[in-house]
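Every number here is computed from the coordinates shown, using simple stated rules; none is lab data. Only a predicted model underlies this, so the values are computations on that prediction, with no experimental measurement involved. Neighbour counts run over all protein chains shown; Cβ positions are idealised from the backbone, glycine included.
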Amino acid sequence: MINSLEGILEILSFSPEATAIYDNQDLRIAYANGKMLELWGREDDIVGRNFSNVFPAFTEQGFTQILKGVWREGNTYKAEDVAVDVLINDKLELFHFDFEYRAILRNGQTYAILHTAKEVTDRKKAFAALEAKEALQKSLNEELAATNEEIQSYGEEYQALSEKLNEALLQSEHSYLDLQSAYSKLALAEEKARIILDNAPVAVGIIDPYTFYLESANKLLLEIWSTDRLKTDKSIQQQISQSAWLLLESNLRSVLESGESIRLNDVSIFKGDDELTPPLFYNFIFKPLRDKMGAIIRVMIVANNVTAQRHDKVEVDYQLEQAKLARLATKLGVFDLDIYQNHFSCDERCREILSLSAGSDIDYEDDFLDKIHPDDKDRVLSEIMRSFENADAQGQFVSTLRVTVEEGAADLWIQLYGQVYFNEKRQATRFIGTIKDVSEATRLRHDLERSERNLIDANDELAATLEELTASNEEIQATNEELIQAQEMSEEYYNKLQHINERLSESEERLHVAIAGAELGIWDVDLVHGIVNWDERTRALFGLSADEQIMHSEIWNNVHPEDFERVQAEVKRSKDVRSKGIFNSQFRTSERENQGSKWLQLKGKVHFDSQDKPIRFSGTVLDITERVLAQQQADAFNLVIEKRDIEQRMIVEAGGIGTFTYDMQTKVVTTNALMRKHLFLDTYRELYTDKIFKYHIGDKPSSTATLLLNTIIEETSFDTEFQLVAEQSKNSKWLRAIGQKVTNADGGEVVYGVMIDITAQKLEEKRKLDFLGIVSHELKSPLTSLSGYLQILEVKSRKIKEEQFGSLLSSANRQTSRIKLLIEGFLDVARYGEGKLKLQAKHFDMGHLFDEIEKTYLETIATHRLVFDLDFQGDLYADKDKIEQVLINLINNAIKYAPSDTTITISAISKGDNIHVDVRDEGPGIKPEDQEKIFDRFYRVENDSTELISGFGIGLYICQEIVKLHGGKIGVASQLSNGTTFWFEIPLLSAK
């Protein structure tokens, strides 16, 4: 049973929700637990002050008016996902909260408001982030469809080039072999482009919407249709399941009718026609492909598997539903004294105990102090003053006293538990406590004490009487002359003794009544003679019958085995005179047939003789089973609540999920700490308005850009992404917000959401998009050149001289080789990532390789001076093509980044069992932070001098992987404005 304000406040401090209490119509803050203080970003010195004075910004946002309305009307106001502006470092910042203002009524009048709140900003942003993610995926699908269309266009260009090349071969017998070679390389490029399409990360296919003949489809699309192969000369209707055909046919016809792309989200797909297995979920795009006249000739199908995302969203919703509110109730009376303002208030139970009318003003002296019984008033006032003056004792106050009642009524005993609070000057400022009616227990205790005192008085009187009788007998024997006088005195003493016996009988009767009323058992043990006396109640509590004999050596055998040793130790300690014979123990009884174990409280005292030896042991026993079981249940309940709170908090924190709620009526927002961290906000403040959601969705804000707040308000459910930049540090991150709008019991709309940091994912996506753009650019440039050369050949093949004809073919061949090298580079990146690259090692002359490379560059490069310095003799055992690829890559980089008319030096020397190669330029140099990442895949140095230099950051990565496969190492040495040297070393026998 919770019987103190300290216990109530301790329980509230463990509440998983922020909690505050306002106790008057001016919204005075009577209590705020640690979570609420953290949410407000304030210390506990705000307790006792008015809400509007402490939080003027909240008043401007309408919360003070709402609270006052709750006080006047006595209603409960609940709001979820409300946007709130909170003053942080003199600046308003936006957060979202779930909160409740609950009016606590007494006799129909409000006497307090219970305020609970929960920050849900993280949840709201997480929902928004998820929605943005799906939007981005849709955008990527469209871009991928456009890329596939461009790849198809490249295929058509390849076909045209092939036809022109065949015509050129017929017209010129001398160039037949060269042109045939170019044709083969173009076919290879077309095949590799098809491989790239087949390995696209999403399902892609092209279909004739008029005949329903499938022209192409990658593996992922065939898997959706539950097949691994489709015939192109046969209608697709006869080759796929009925459900898949119905989806395909209806959307193809819709594309033809509307002429627009159709997007379908979260389409469930069952494998085959078996609907017993869980479905997969896809986002589909049906995009029309048009000819030059604008007519639809084909439809491209793009599908993206979003099953995992859908399951993640369901899991997030499930986790959000696990959050529960804990409520505590008490029947204790609670009072609060503001010592400075001499303002006294108490709750309905307190008024009931003190017989105060509901709703009336209360005066501390007239209604509280004057209620104290005159016999107890001086003592209680002294105890209160000592608590006010003793700051070192932390102002704790406990007292039991009587309250004045109407004449003829039984005494009213109350028990006060209080706590005095002090300011920095150690002056008492507040006195808060609880009142409990203990009249019945006090009356029983007083009756028992009076009975014991009466018994002692009777024994004392009896002893005195016996002494007097003894003296009388001696006087009778001493003198016969005084016999008559002695007889008279004996009669007098006899009358007194009879009177004393009558009083003793009355006292014993009252004692038995008191004991029976308190359900106490009485026991007594003569320790000298081993005689045991237990009354009927004691026997019943120990499970013994009324006639069952009790031996002194067996009186403790009925104690439960688990408590036996402890009780024996306590008995032994009581028999030591230093303990003053006090015995007080709680233990269980042994289980008997048809009876369970009971909890008993045994109180007693050991009496000692003049030599401090124990001679008698007596006391009372009380059944406390119900009290112990109730306490155990309360402890177990509190443990379960605490465990669930910890588990839920750990789940959210481990997942890095920020949570939020937003009440669309009150604009109040609640967030958790992770949500505030995601938004670069102070993690100790929680309450914000809906301004927290006023971020632009997308990369760049514009006048037409959609705000996250608009998405949250307008959509029933949302999953969106946006970029956020910290105002002070200028650090940026990408966030995904996922959420859903729910109508609560009051008819108000509340948005529940989560927010996840997806910065790493966005960076990876950006690298992929950059890669696709660079690949398209790099492939388009040589293809354009090759197309030009072939058109010249077509026009001038009959008039051109053989020497010029050969030069053009040579140029076309170089562009074809360039395409080959680009595609080989892309394939190498994939092979390295999958660990499939194998070396073809053999002995070769390193000097000869240097000569070939030097000759090639001297013939083709006129912008730089290339110096080759080989100080190495003998063969090298390695993969010649791969070593040549490393050298060419390093030299090309030096040519690209070094200014024109500068020197590039390529040198090779023996270094122990290794060969060491340097490529040194006179370029601008590389920053130290870029040097650390220069060999990472897709990494490019970004500055003004490299802005116009093409490339996609895989060259140095490939060089590093080749050198590692040879068992060597690679590195860079550079200083700004002082050139750069790339070097590598490999063992002379690296592949043996």
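Tabulated results
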read-out	value
Rounded to the nearest 20 debye, dipole of region 378-445 from Cβ charges on Lys, Arg, Asp, Glu	240
Overall dimensions of region 5-121 as given by Cα atoms, namely Rg and Dmax in Å	13.6, 44
Gyration tensor verdict on region 333-443 (Cα atoms; rounded if a/c is under 1.5, prolate if a/b is larger than b/c, oblate otherwise)	prolate
Net length gained if the chain between Ile624 and Leu839 were fully extended (0.36 nm per residue, minus Cα distance)	68.9 nm
Which of Met551, Met293 has the fewest Cβ neighbours within 10 Å, and the rest in rising order	Met293, Met551
Whole-angstrom gap from region 15-47 to region 51-105, using each part's C-alpha centre	12
Spin-label pair Asn892/Leu858, simplified geometry with 7 Å Cα→Cβ offset, distance in nm	2.2
Low-density loop positions, trypsin sites (Lys or Arg not before Pro), region 393-446 - DSSP coil, at most 13 other Cβ in 10 Å	Lys425, Arg426
Spacing of the two label points (7 Å from each Cα toward its C-beta) at Ile651 and Ser910, in nm	6.9
Projected label distance in nm at Arg379 and Gln601, using a 7 Å step from Cα toward the beta-carbon	2.0
Charge dipole magnitude, Cβ of K and R +1, D and E -1 - region 5-121, Cα centre, debye nearest 20	460
Förster radius 25 Å - calculated FRET efficiency between Lys425 and Thr59 (Cβ-Cβ, nearest 0.05)	0.25
Distance from region 530-601 to region 870-911 (C-alpha centre basis), Å	97
Burial order of peptide ranges 614-626, 351-363 (average beta-carbon count within 10 Å, highest first)	614-626, 351-363
Between region 399-425 and region 328-388, the alpha-carbon center distance in angstrom	7
Ser590/Glu440 FRET efficiency (R0 41 Å; Cβ-Cβ; nearest 0.05)	0.80
Neighbour-count order for Ser250, Ser907, fewest beta carbons within 10 angstrom listed first	Ser250, Ser907
